[in-house]
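First comes the structure, then the notes that go with it.
The values are calculated or read from the model by the stated rules, or taken from the named source; none is laboratory data. Predicted, not measured: the structure shown is a model, and the values here were computed from it. Using ideal geometry, Cβ is built from the backbone for each residue, glycine included, and neighbour counts are taken over all protein chains shown.
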Amino acid sequence: MRNFVSGRAQEIPPSGIRKFFDLVLTMEDVISLGVGEPDFRTPWNICESSIYSIEQGTTSYTSNRGLQSLRDALSRHLLQQYHLQYDSNQEMIITSGVSEGLDIAIRAVTDPGDEVLIAQPSYVSYAPCVTLAGGKPVPVRCIEKDHFKLNPDTLAEKITRKSKALIINFPNNPTGAVMAEDDLKAVADLVIDHDLVLISDEVYSELSYEKRHCATATVSDLWERTITLNGFSKAYAMTGWRIGYLCAPRGICDAALKIHQYVMLCAPVMGQVGAVEALRSSEEDKNSMVNEYRLRRNMFVAGLNRVGLPCHVPEGAFYAFPSVEKTGFSDTEFAEKLLKEQRVAVVPGSVFGDGGEGHIRCAYAVSRKDLTEALRRIEIFISGL
Amino acid sequence: MDEKDLELLRILEENSRLSVDEIATMTNLSQEEVEGRVMALEAARIIKGYSTVVNWEKAGNGEVSAIIELKVSPERDFGYDRIAERLSRFRQVKTLRLITGTYDLQLIVTGKNMQEVSRFVSEHVAPMDRIRETATHIIMKSYKENGNTFFEQPETERLPYSP
């Protein structure tokens, strides 16, 4: 019998955290800092409106683009919050989470052989999605010395005549780095000079603790060559609802819509109804969650530095990305030993690509009590080395 | 009052048992500043005290609580304030508010048992001058107090890892 698995599927590496997953399932009393999602429940008004809509029989497909009411509300929200201008009828698609948005964005712009630059460390699905689209992922390393921002010089070195697109994600998973307007301007010049399309995953845009998030498409003349991806998962604690959105100039948006309608048809309607309610009246809930993350960040990052894991201050998202180099272990060894000996689960930085090695990702989207206990265990672990 | 004060109030309202050290780390303020600000808020009587939310039903001390609503004839020059102040002096009155609607004042009263509560209402509250009518509602069960729910919510299942 032939091997039926396609070359492309074979080419994608297996998940780097699978091993940890299997290990943690055999253990008890583990504090997990390995989860990239809010620990809050979805605000009840959002749940309630969705439940009500199901009771009313709102269970059909929506239009491919998504509910008109949601797109209109989003269009207003983006303008008001980030000065982003997108036409709700021509430049916007509601997707099944940002994951789908990312996939269709990449497929909409990538031809076989195209090189797609990826600012790393990054979320784990960028490179595999590029591979699946027939493109060639090209990592661009962001380093701690630059506070994990994308350095234009490093980017310039990686650009070739085959470069087609650049994927960035700020506030960043896993580093918590943020790019301010000036930082983005330096990158914008290169992107424009080399005629690249920019895919900007801004799913953590609401979780920016020092200053208001700067939307990539509002910088310089980037709008006409930017695909903005965002969603409700992180800001409104709605990870399981799978609602994201893709915004782009009409030509790109039409292409992405074709792919979306064939592979997804539409995002789940009950999730879309919930998202409308989130925009309508969950501002307070969102703010209080963001506030709580800020308090936890301050407490946790101070704690990491105190126990001997140097950590830059992450300005956004809900991840701390301390260095474990001084312990003499690789990030994977450190994560494995910490889990086995002190039952604290973290994700090794190398999982997130170039620049991640020597670091671990700790999600502080867990209760303060658990964070305190995790710090206590990490301290015991380190003092025993 | 500035944004930092409001932040301290929010933190303390949720959990007043945090140490100054913990609060200082969370808010990026020095310990001295946290202490100074909290003392100022106490002095200004913005912080009125520190208490604990207790589920008495679960503690099983058998106390009962009632919501008492009163129709009151307001006094010239003083409105409801003087009578409210008199009522608030009773130890049994835990909460007292002026409200809109059919009734004017709303009290939450606690006592060892139903008899004690009803005796308090009939002997001390109802006969007071200017009180025209009372309505007593015994609280049968509390589901939520000060933002804290009193029923167990099942732990939601979270993946141990997600990228």
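Laid out as a table, the results:
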quantity	calculated
Residue that is nearest to the other protein chains (Cβ to nearest Cβ), among those in the stretch B:133-163 that are small (Gly, Ala, Ser) and surrounded by 12 or more Cβ atoms within 10 Å (Cβ to Cβ)	B:Ser162
Subset of the stretch B:1-33 that is under 19 Å from A:Tyr209 (Cβ atoms) and among the β-branched types (Val, Ile, Thr) - its residue that is nearest to the other protein chains (Cβ to nearest Cβ)	B:Thr25
Any pair with Cβ under 6 angstrom, 6 or more apart, that starts in the stretch A:29-49 at a residue that is assigned to a strand (DSSP E or B) and ends at one that is among the β-branched types (Val, Ile, Thr)	A:Ile31/A:Val344
Cβ-Cβ under 8 Å pairs, at least 6 apart or on other chains, the stretch B:36-63 side closer than 23 Å to B:Ser118 by Cα, far side of a type in the set (Lys, Arg) and at pLDDT below 95	B:Glu57/B:Lys141; B:Gly62/B:Lys112; B:Glu63/B:Lys112
Single condition A:Ser282 does not satisfy, out of (1) under 25 Å from A:Glu91 (Cβ atoms); (2) modelled with pLDDT of 95 or more; (3) surrounded by 19 or more Cβ atoms within 10 Å (Cβ to Cβ)	(2)
Sole residue being assigned to a strand (DSSP E or B) and either closer than 22 Å to A:Val109 by Cα or in contact (Cβ under 8 Å) with a residue 40 or more places away in the chain (or both), chosen from A:Tyr245, A:Tyr204	A:Tyr245
Check on B:Glu75, surrounded by 13 or more Cβ atoms within 10 Å (Cβ to Cβ), within 27 Å of B:Leu6 (Cβ to Cβ) and out of contact with any Ser or Thr (no Cβ under 7 Å at 6 or more places or on another chain)	no
Hits in the stretch B:38-67 - residues which are small (Gly, Ala, Ser), exposed (fewer than 11 other Cβ atoms within 10 Å of the Cβ) and outside any loop (DSSP other than H, G, I, E, B)	B:Ala43, B:Ala59
The listed residue being away from chain B (no Cβ under 14 Å) and under 29 Å from A:Tyr293 (Cα atoms), out of A:Leu33, A:Leu74, A:Leu67, A:Leu23	A:Leu74
Residue list for the stretch A:116-147, filter: hydrophobic (A, V, I, L, M, F, W, C), over 21 Å from A:Val98 (Cα atoms) and in a loop (DSSP other than H, G, I, E, B)	A:Cys142, A:Ile143
